[in-house]
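Okay, so here's the structure we're looking at.
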Amino acid sequence: GSSETLLEVTDMVVNYGRIQALHGISLRVAAGELVTLLGANGAGKTTTMRALSGLLPLTRGRIMFEGRDITHMKAHERVGEGLIQAPEGRGVFPGMTVQENLDMGCYGRPFKQKAEYAKTLEWVFELFPRMAERRKQVGGTLSGGEQQMLAIGRSLMARPRLLLLDEPSMGLAPMIIQQIFRIITEINQQGTTVLLVEQNAQQALSRSDRAYIMETGEVTKTGSGRELLTDPSVKSAYLGVG
Ligand code: ATP
């Protein structure tokens, strides 16, 4: 991949009231990469994603995106810059159809041309053929896996420069998890940079260019997916072997 830096986080501190959840983390995502944040429950992965999306303020530190300082930029402005966090599967609009849910992904980011919208929709339907079949079905009646796919599809409608995915495999059956991982890899290989939070260490590491291990609000280790898959301490802590 390319070595052009897309996202650079430096010394990020985030507090919940008087509780410090992130103690100064630094990480980098290059254009084209698939990068995973791995860590136990409570390590601060979701907090990191929410801070990147602009949903939590930084107490200290800096976020650079495409060479611009976005540390103080509001969440909707970051969306406009192409920094898109997919909602969780349960975050789809239950009363809206699949098609309407996808259209919501473009909300606030109107396409300049109808053709561009049609092309993006076609791309999403190619990635998720099931969504094309179900375009008139309401979101609330989709299966858990289908809702997760719709949630990812919706965020793709905004044409992300960086796609943030927080545990997209959560609560899904093994076969669906495989499918979700395959699609994430495909999205990445087609050119979208992805920052992924996952508990599913084996799958995530084997598909990632690089990963960061987080423990209690700090980054404790980083390396290529391959390196970390064979790292003894990572193996015993996250891969259930060693
Ligand atoms: P999980 O895998 O369980 O989702 P995580 O790595 O995403 O864990 P976070 O949810 O980011 O971890 O939580 C990091 C720390 O911040 C934890 O100690 C958690 O208890 C704390 N925390 C999270 N949300 C809040 C909140 N709204 N108020 C206070 N503390 C919070």
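The values are calculated or read from the model by the stated rules, or taken from the named source; none is laboratory data. As the structure is a computational prediction, the values presented were derived from the model and not from experiment. Cβ placement follows ideal geometry from the backbone for every residue including glycine, while neighbour counts extend to all protein chains displayed. These area figures cover heavy atoms from the full protein model, side chains too; ligands, DNA and RNA do not enter into them. Shrake-Rupley method; radii C 1.70, N 1.55, O 1.52, S 1.80 Å.
Quick notes on this structure:
- The stretch between residue 55 and residue 186, if pulled fully straight at 0.36 nm per residue, gains 44.4 nm over its current Cα-Cα span.
- Theoretical FRET efficiency, 1/(1+(r/R0)^6), r = Cβ-Cβ of residue 137 and residue 64, R0 35 Å, to 0.05: 0.30
- Cα shape, region 85-201, gyration tensor, a/c 1.5 rule: oblate
- The heavy atoms of residue 135 offer some 90 square angstrom of accessible surface to a 1.4 angstrom probe.
- Net length gained if the chain between residue 41 and residue 178 were fully extended (0.36 nm per residue, minus Cα distance): 47.1 nm
- Accessible surface of residue 128 - all protein chains present, 1.4 Å probe, nearest 10 Å²: 0
- Cα-based helix-to-principal-axis angle, 144-156 vs the chain, degrees rounded to 10: 90
- Size of electric dipole in the chain: Cβ of Lys, Arg +1 and of Asp, Glu -1, about Cα centre, debye, nearest 20: 360
- To the nearest ten degrees, helix 174-189 and the longest principal axis of the Cα atoms of the chain are 90 degrees apart.
- Split the accessible area of region 85-152 by element, probe 1.4 Å, and carbon with sulfur accounts for 55%.
- Formal net charge of residues neighbouring residue 136 (Cβ-Cβ distance under 14 Å; K, R +1; D, E -1): -1
- Under the shape rule built on the C-alpha gyration tensor, where the axes satisfy a ≥ b ≥ c, region 40-118 is oblate, since a/c reaches at least 1.5 while a/b does not exceed b/c.
- If only the Cβ of Lys and Arg carry +1 and only the Cβ of Asp and Glu carry -1, the dipole of region 40-132 around its Cα centre is close to 320 debye.
- Remark: relative contact order (region 39-150) = 27 percent; criterion is Cα-Cα distance under 8 angstrom and separation of 6 or more residues.
- The chain - percent relative contact order, Cα under 8 Å, separation 6 or more: 26
- Degrees separating the helix 114-127 axis from the principal Cα axis of the chain, which is the longest one: 70
- Centroid-to-centroid, using Cα positions, region 199-231 and region 132-156 are 29 Å apart.
- 18 Å cut-off, amide nitrogen to a point 7 angstrom out along residue 116 Cα→Cβ, residues in region 40-84: 77-84
- Were the residues from residue 233 through residue 99 laid out at 0.36 nm apart, the gain over their Cα-Cα distance would be 43.7 nm.
- Shape of region 1-61, Cα gyration tensor, a/c cut at 1.5: prolate
- Over the chain, the hull volume per residue, using the convex hull of the C-alpha atoms, is 123 Å³.
- Residues of region 198-242 with an amide N closer than 16 Å to a point placed 7 Å from the Cα of residue 3 along the Cα-to-Cβ direction: 210, 224.
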